[in-house]
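Worksheet for the structure shown next.
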Protein chains: 2
Amino acid sequence: MIKYPNGQPKKKTTTVKLAKSAANRGMELEKLISAANDYYLMHDIALITKRPTPINVVKINYTKGARITDAYFEKQSTTDFNGIYKHRYLDFEAKSTRLKASFPLNNIHEHQITHLENVIRHGGIAFFVVEFASLNEIYVLAASHVIGAYKNGERKSIPYAIFKEKGILVPLKINPILDYLPAVIAMFGL
Amino acid sequence: MIKYPNGQPKKKTTTVKLAKSAANRGMELEKLISAANDYYLMHDIALITKRPTPINVVKINYTKGARITDAYFEKQSTTDFNGIYKHRYLDFEAKSTRLKASFPLNNIHEHQITHLENVIRHGGIAFFVVEFASLNEIYVLAASHVIGAYKNGERKSIPYAIFKEKGILVPLKINPILDYLPAVIAMFGL
């Protein structure tokens, strides 16, 4: 990595910093969930795994094993996580926002909504884990609320008050830090 | 694509052909399963999705959007497919072999076996879809048989006779071609 002197062009630096910070935020929530999943697996509580990020591979160089030299990220057509808890199928998406008053729906894709509707119709448990990063709060919310808001074209976001009223706040613990499963169990009566 | 004249170096061609054919074989079975999954979803029978192939991204070029310029394939630590059928969690791996007398276990990773054991312990349905490509036969076999053979260090493969005896042959149909779910339903009494 090249360390730029102070005289570097300001615009470029800002762009890189923003991109990094946005990536880190999403990553942090995912990491906390994955750490909780590791804990649940180790303690035989649940088996929940992260779906790998879908990547479209364009070119592979076979001269040094199969090294990918050109590829791009695809939109996740389903959700980030799924698994099993006491014979029940779980499926959920994790999202983080820096907004305080509402959770914007613009980074949820339509096929993710369709996927969660399918999960519910086939008897699975579908929900969101939403982090209000500026408030330091993480909620579990049944996917049905998000599906409803998404299909109601008028609303482009879900008010924070809905999370307070219909969601369950996940208190942070020592191990696992983000013990989200009790909130899911309480919400769906599992 | 460059078409080589007949005078091309033989060794190189052979290598490429083998790699392609092996990749295609695996891909064909996966495609048949994904086509069946599309059919099940469209007809509201089941919701089964393929986990994306895990790829470790080393370098991203942000100058043209986020284009991946260096990455490599990781071992799948879980399985190819999971989903839900009538409230039940399903999880399975699809494998193809050109051998006629047995299904070799050497391309099943230890953490895949562990994962399938976890699925069973948490109340899920775990199985394999195995194609004997040279015989033009595809079987559904409960994961428990594969786990047993894997843990029994003496056997490095599962005899074809076990598939005949304990597995269920999936007859090919017109639509979907590989209608594997009835075999799963019969095997596990779903």
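General remarks:
- Applying the criterion of being open to solvent by 60 Å² or more (accessible area, probe 1.4 Å) and at the interface with chain A (Cβ under 7 Å from one of its Cβ atoms) to the residues of segment B:69-91, the residue that is nearest to B:LEU29 (Cα to Cα) is B:PHE73.
- Within segment A:33-56, if we keep just the residues that are touching a Pro at 6+ places or on another chain (Cβ under 9 Å) and among the small types (Gly, Ala, Ser), the residue that is farthest from A:PHE128 (Cα to Cα) turns out to be A:ALA35.
- Extreme residue, farthest from B:LYS50 (Cα to Cα), among residues of segment A:37-53 that are assigned to a loop (DSSP other than H, G, I, E, B), at the interface with chain B (Cβ under 9 Å from one of its Cβ atoms) and of a type outside the set (A, V, I, L, M): A:ASP44
- Long-range neighbours under 6 Å by Cβ, at least six apart or interchain, first residue in contact (Cβ under 8 Å) with a residue 24 or more places away in the chain and farther than 20 Å from B:ASN82 by Cβ within segment B:165-180, second of a type in the set (A, V, I, L, M) and open to solvent by 30 Å² or more (accessible area, probe 1.4 Å): B:ILE177/B:LEU32
- Within the set B:VAL119, B:VAL129, the sole residue that is within 16 Å of the chain's Cα centre (by Cα) and among the β-branched types (Val, Ile, Thr) turns out to be B:VAL129.
- Selection within segment B:54-68 - of a type in the set (Ser, Thr, Tyr) and either at the interface with chain A (Cβ under 10 Å from one of its Cβ atoms) or open to solvent by less than 60 Å² (accessible area, probe 1.4 Å) (or both): B:TYR62
- Test: residue in segment A:104-120 that is open to solvent by 60 Å² or more (accessible area, probe 1.4 Å) and within 9 Å of chain B (Cβ to nearest Cβ): no
- Flag if A:ILE84 is touching a His at 6+ places or on another chain (Cβ under 6 Å) and part of a strand (DSSP E or B): yes
- Filtered residues of segment A:50-95 (kept if within 20 Å of B:PHE92 (Cβ to Cβ) and of a type outside the set (Ser, Thr, Tyr)): A:LYS50, A:ARG51, A:PRO52, A:PRO54, A:PHE81, A:ASN82, A:GLY83, A:ILE84, A:HIS87, A:ARG88, A:LEU90, A:ASP91
- One residue stands out in segment A:130-173 among those that are among the hydroxyl-bearing types (Ser, Thr, Tyr) and open to solvent by less than 60 Å² (accessible area, probe 1.4 Å): the one that is farthest from A:ILE120 (Cα to Cα), namely A:SER134.
- Residue match in segment B:140-147 (condition: touching a residue at least 12 places away in the same chain (Cβ under 8 Å) and under 19 Å from B:ALA35 (Cα atoms)): yes
- Per this entry, A:ILE120 is not counted among residues that are more than 30 Å from B:ILE120 (Cβ to Cβ) and either in a loop (DSSP other than H, G, I, E, B) or among the β-branched types (Val, Ile, Thr) (or both).
- Whenever a residue of segment B:94-105 is over 11 Å from B:GLU137 (Cα atoms), its partners that are open to solvent by less than 30 Å² (accessible area, probe 1.4 Å) and of a type in the set (Gly, Ala, Ser), lying with C-beta atoms within less than 8 angstrom and at least six residues away or across chains, give the pairs B:LEU105/B:ALA149.
The values are calculated or read from the model by the stated rules, or taken from the named source; none is laboratory data. Remember, predicted model here, so these are calculated numbers, not experimental data. Please note: Cβ atoms are built from the backbone with ideal geometry, for glycine as well, and neighbour counts cover all protein chains shown. SASA here: full protein model, heavy atoms, side chains in, ligands and nucleic acids out. Shrake-Rupley method; radii C 1.70, N 1.55, O 1.52, S 1.80 Å.
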